[in-house]
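Step one of this worksheet: look at the structure below.
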Amino acid sequence: MLSLPESRTEPGPAPGEDTGNGTAQHSGAAVIRVLSYNIRSMRDDRAALARVIRACAPDLVLIQEAPRFFRWRRTTEKLARAAGLVHVTGGATAAGPMILSTLRAHVERTEDILLPRTPGLHRRGFATAVVRIGGARLGVLSCHLSLADRERYAQAGLLLERLAALDVPYAVAGGDLNDRPDGRSFRRLAGALTDAWAARPWGGEFTSTPREPHQRIDAIFTTDGVEVLGCGVPHGLPGVREDDLTAATDHLPVLAALRVPASG
């Protein structure tokens, strides 16, 4: 079976310990599991969806296509509870992107951003937060980019601007890009950030569609300094059932394990 590093905070050096040889370079760092998942407004098997998320044991979940209409807050809170998580930000207030977390994450601040709208196209947005996990301080962004090439490319640029505006030493962004790795929007992001799958592939590559995976249009990206320990679709991860992956929604999730250095 596949394995992925467990979430943890790495201990710092003992009092008086010599750290000059580099052996304590990760002291105080946090190993964090991040899951990106398009849940199609929870129109499919909600129990299967919750089981997949819980089995991945993420610290942070970057959701796309969260419920946006009647009683959407109640619906997403039910999903969070079923998955053992809490709602951080986003949902209808970000036009679909949302962030969930475990209680391990201390939330410093959040902001939902609605992007400029092209007439005739679906409104898009970003869900963003700054969190502390262990000694690590991390910016987080969930996105769902446009189906239209020109608008999508502009949104990729806005994503990079928004990450920089979070003003934190390290950040992670993930979502449904509606673009493949050879597309210009995907390449714009990968040129400025680390594509976690390309850096350390683990599990499966393709995210669409669950029954016939043939393309990678969902991804997780990190800023410089974040070490990717593994990233991919969690096929074969203990507790993740293939029938749940196909029943939960019309995308496969992307799970990454990241080592984030201590901040300050």
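Read the figures in this text as sums done on the coordinates, not as results from a lab. Computed from a predicted structure; not experimentally measured. Quick reminder, even Gly has a Cβ in these numbers, built from the backbone with ideal geometry, and neighbours come from all protein chains shown.
At-a-glance table
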| quantity | calculated |
| --- | --- |
| Rounded tilt (10° steps) of 72-82 against the dominant C-alpha axis of the chain | 50 degrees |
| Expected 222 nm ellipticity per residue - DSSP helices of 4 or more, -39500 (n - 2.57), all of the chain, to 500 | -6500 deg cm²/dmol |
| Entry for Rg and Dmax of the Cα atoms in Å (calculated from the structure that is shown) out of (i) 22.5, 70; (ii) 17.6, 64; (iii) 17.7, 52 | (ii) |
| Electrostatic dipole magnitude of the chain [Cβ: Lys, Arg +1; Asp, Glu -1; Cα centre; debye, to 20] | 880 debye |
| 5 Å binning of all Cα-Cα separations within region 185-264, expressed as whole percents from 0 upward | 3, 16, 23, 22, 17, 10, 6, 2, 0, 0 |
| Farthest toward positive dipole pole in the chain [+1 Lys/Arg, -1 Asp/Glu at C-beta], among 223, 9, 34 | 34 |
| Within-13-Å neighbourhood charge of residue 218 [Cβ basis; K, R +1; D, E -1] | -3 |
| Separation of alpha-carbon centers, region 213-264 and region 60-121, rounded to whole Å | 18 Å |
| Simple spin-label estimate for residue 158 and residue 73 in nanometres, 7 Å along Cα-Cβ | 2.5 nm |
| Where trypsin sites (Lys or Arg not before Pro) fall in DSSP loop in region 113-164, at most 14 other Cβ within 10 Å | 117, 123 |
| Restricting region 165-264 to trypsin sites (Lys or Arg not before Pro) in coil, as DSSP defines it, with at most 10 other Cβ within 10 Å | 211 |
| Residue 3-residue 44 pseudo-label distance in nm [points 7 Å out on the Cα-to-Cβ vector] | 2.9 nm |
